[in-house]
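The block underneath contains the structure these notes are about, expressed in structure tokens.
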2 protein chains.
Amino acid sequence: MQRVFEALSSSIRRQILAYLSHAELTAGEIAARFSISKPAVSQHLSVLENAGLVASEKRGQYVHYRLVEDNLVNTLNGYLQDVCPVSRPLKSESASIAASAPRPPEDQPPAST
Amino acid sequence: MQRVFEALSSSIRRQILAYLSHAELTAGEIAARFSISKPAVSQHLSVLENAGLVASEKRGQYVHYRLVEDNLVNTLNGYLQDVCPVSRPLKSESASIAASAPRPPEDQPPAST
DNA sequence: CCTTTGATTAAGAAATAACTTAATTACCTA
DNA sequence: TAGGTAATTAAGTTATTTCTTAATCAAAGG
């Protein structure tokens, strides 16, 4: 989850995912769409792959990249459900937080006036 | 959108949103839940506020923070729709990308064998 | 009016992330 | 096997984040 959100924090990486949502592409085809160097794109691709957002397959000389939709959908939807639930069933992150929430040793803040 | 994803890339900031999904809290109450310094938390809060994910209101001495659900939901859902559409209506980011996509000056990669 | 409390701003140090060029690996083909 | 292309790894630099302490601002309250 940390890896997914970290991966999505880069505009270039989000663009790569958008490209791959239309078609499988080779590393070179992806790199050609950006003005940065090939190794830089390669590094972005490994961030995406480590986050489980893309998968690669070597075919001959070429490395083909494809989008892994499941992980993206599950992570973002899961987080949304967690933080903005429609009916509120306390899931993962906010649940553990709520459970362990230490009452702070602070003064009571005023109600509204 | 950049700001939203950038804000979500930090685990601490995601936790803050999770706290605020349960209740409105003052800056001090939020800071008390983390082991980092108060100014550090204050900076995280301004990242979240600049991204439009939280709103603050000063009441007396205290600054109360609350979650802004709309922006979170719209941004994440919008991006999901964009990259992982069920029916594929080409929206914002991937649409502009698809429109401007320069055919790379690459060799044709082999089909599969 | 002075002190305390909540919170943010300022300045600077330390850790991370991103990019570049050069080198390397792997595969293909004449 | 030599040469060329695709891609990644390595090494080093620059830029960006993130954190800390100290200082400042603002509201309460004796």
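Computed quantities for the displayed model
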read-out	value
All positions within region B:11-32 that are open to solvent by 20 Å² or more (accessible area, probe 1.4 Å) and either basic (K, R) or not in a helix (DSSP H, G or I) (or both)	B:R13, B:A23, B:E24, B:A32
Check on A:A23, without any contact (Cβ under 8 Å) to a residue 24 or more places away in the chain, over 22 Å from B:I12 (Cα atoms) and either touching a His at 6+ places or on another chain (Cβ under 8 Å) or aliphatic (A, V, I, L, M) (or both)	yes
Identity of the residue in region A:33-67, in a loop (DSSP other than H, G, I, E, B) and within 11 Å of the chain's Cα centre (by Cα), that ends up nearest to the other protein chains (Cβ to nearest Cβ)	A:L53
Single unsatisfied condition, B:V41 versus (1) farther than 19 Å from B:Q61 by Cα; (2) within 12 Å of DNA strand D (Cβ to nearest atom)	(1)
Qualifying residue in region A:45-56 (condition: crowded, with 21+ Cβ neighbours inside 10 Å, within 13 Å of DNA strand D (Cβ to nearest atom) and closer than 15 Å to B:L8 by Cβ)	no
Test for B:L80: is it at pLDDT below 95 and either under 30 Å from A:L25 (Cβ atoms) or open to solvent by less than 40 Å² (accessible area, probe 1.4 Å) (or both)	yes
Conditions (1) at pLDDT 95 or above; (2) more than 9 Å from DNA strand C (Cβ to nearest atom); (3) hydrophobic (A, V, I, L, M, F, W, C): number failed by B:I97	(1)
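The values are calculated or read from the model by the stated rules, or taken from the named source; none is laboratory data. Just so you know, these numbers come straight off a predicted model, no measurement behind them. Glycine gets a Cβ as well: all are built from the backbone with ideal geometry, and neighbour counts include every protein chain shown. For accessibility, only protein heavy atoms count, side chains too; no ligands or nucleic acids. Shrake-Rupley method; radii C 1.70, N 1.55, O 1.52, S 1.80 Å.
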